[in-house]
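Enquirer: Here it is, the structure in full.
The values are calculated or read from the model by the stated rules, or taken from the named source; none is laboratory data. Bear in mind that the values here come from a model prediction, so they are computed numbers and not experimental data. In this analysis, Cβ positions are derived from the backbone assuming ideal geometry, glycine residues included, and neighbour counts consider all displayed protein chains.
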């Protein structure tokens, strides 16, 4: 009996972790292996004839000069300016997503009843259309002959068509907000929908107004949803390069993703491009670790 009990305990110990096996294998094949390939290119050599980056697979033979060039460019070159611009774009776009998306998620979660399903479908609907096609639609809307200029001129905001697609920072930020705001609304909706209505009613019974109940109860309880949504939209924004290309195409709006794309496709700078990719991944990993630790801390506090 003791032997059978030990076998049963051993089976239970490995039963549930075994379900994670396919996912772990998937991550190894599609994340760790490509990441190692990027490191091999970043610390590799340059073909003397064709100028292409040659990966070095043996870590003992890696050369870190590409990383040195990237850090020098960050300190004293144009890359530092591009990084600061990217940070500003991402922060402003993420805050705009939050300002626009929170009221939408709040209404759907707390007030929409009959229209909840329809509104959720409308939020998810952009995912059914290719991102490139949606950006090209905005290119048409923002063109000098587009509807945006026609409307603004009709209301006499501008006297002549505005060149939205030539080096305008606000246009790139608008593209980032439009492209990623659904990723913020959905986790916010899930967090707000989980809040027990009885907690809010208890706050009102204790004398809190609707405004006080929102700022002292609903908003703090939705903190993890806000953090999750902001992290989810900021992570892909840092590596975005097609939005600035489509919505501006000017060096004045170049982001880190555009710089990586340019380095990778320019031949002799492939090693620097791979090194910049690793640096960007490390920077983004800091945000992800902050989110993970925040969630773990909130989970521990909820269990007390």
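Enquirer: Pick from 32, 95: which is in the same structural domain as residue 255 (by TED's automatic domain parsing), assigned to a helix (DSSP H, G or I), surrounded by fewer than 14 Cβ atoms within 10 Å (Cβ to Cβ) and at pLDDT 85 or above?
Expert: Just one listed residue meets the conditions, 95.
Enquirer: Test of understanding: among 266, 262, which residue is without any contact (Cβ under 8 Å) to a residue 40 or more places away in the chain, touching a helix residue (DSSP H, G or I) at 6+ places or on another chain (Cβ under 9 Å) and exposed (fewer than 13 other Cβ atoms within 10 Å of the Cβ)?
Expert: Within the list 266, 262, the selection yields 266.
Enquirer: On to the next question. Inside the stretch 192-304, counting only helices (runs of 4 or more DSSP H) that do not spill past its ends, which hold 1 or more residues that are in contact with a strand residue (DSSP E or B) (Cβ under 8 Å, 6 or more places away or on another chain)?
Expert: In the stretch 192-304, 270-303 are the helices (runs of 4 or more DSSP H) which contain 1 or more residues that are in contact with a strand residue (DSSP E or B) (Cβ under 8 Å, 6 or more places away or on another chain).
Enquirer: Is it true that some residue in the stretch 241-254 is under 30 Å from residue 197 (Cβ atoms) and in the same structural domain as residue 132 (by TED's automatic domain parsing)?
Expert: No: zero hits.
Enquirer: As an exercise: evaluate residue 79 against (1) surrounded by fewer than 19 Cβ atoms within 10 Å (Cβ to Cβ); (2) more than 24 Å from residue 232 (Cα to Cα) and give the number of the one condition it does not meet.
Expert: (1)
Enquirer: Now for a different question. Return yes or no: is residue 107 out of contact with any helix residue (DSSP H, G or I) (no Cβ under 6 Å at 6 or more places or on another chain), part of a helix (DSSP H, G or I) and modelled with pLDDT of 90 or more?
Expert: yes
Enquirer: A follow-up question, please. Kindly indicate which of 232, 181, 200 is under 16 Å from the mean Cα position of the chain (by Cα), surrounded by fewer than 21 Cβ atoms within 10 Å (Cβ to Cβ) and assigned by TED's automatic domain parsing to the domain that holds residue 91.
Expert: 232
Enquirer: Counting only residues that are surrounded by fewer than 16 Cβ atoms within 10 Å (Cβ to Cβ) and in contact with a helix residue (DSSP H, G or I) (Cβ under 8 Å, 6 or more places away or on another chain), which one in the stretch 203-213 is farthest from residue 124 (Cα to Cα)?
Expert: The selected residue is 204.
Enquirer: A further question follows. So residue 114 clears everything in (1) surrounded by 15 or more Cβ atoms within 10 Å (Cβ to Cβ); (2) not in a helix (DSSP H, G or I) except one condition, right? Which one?
Expert: (1)
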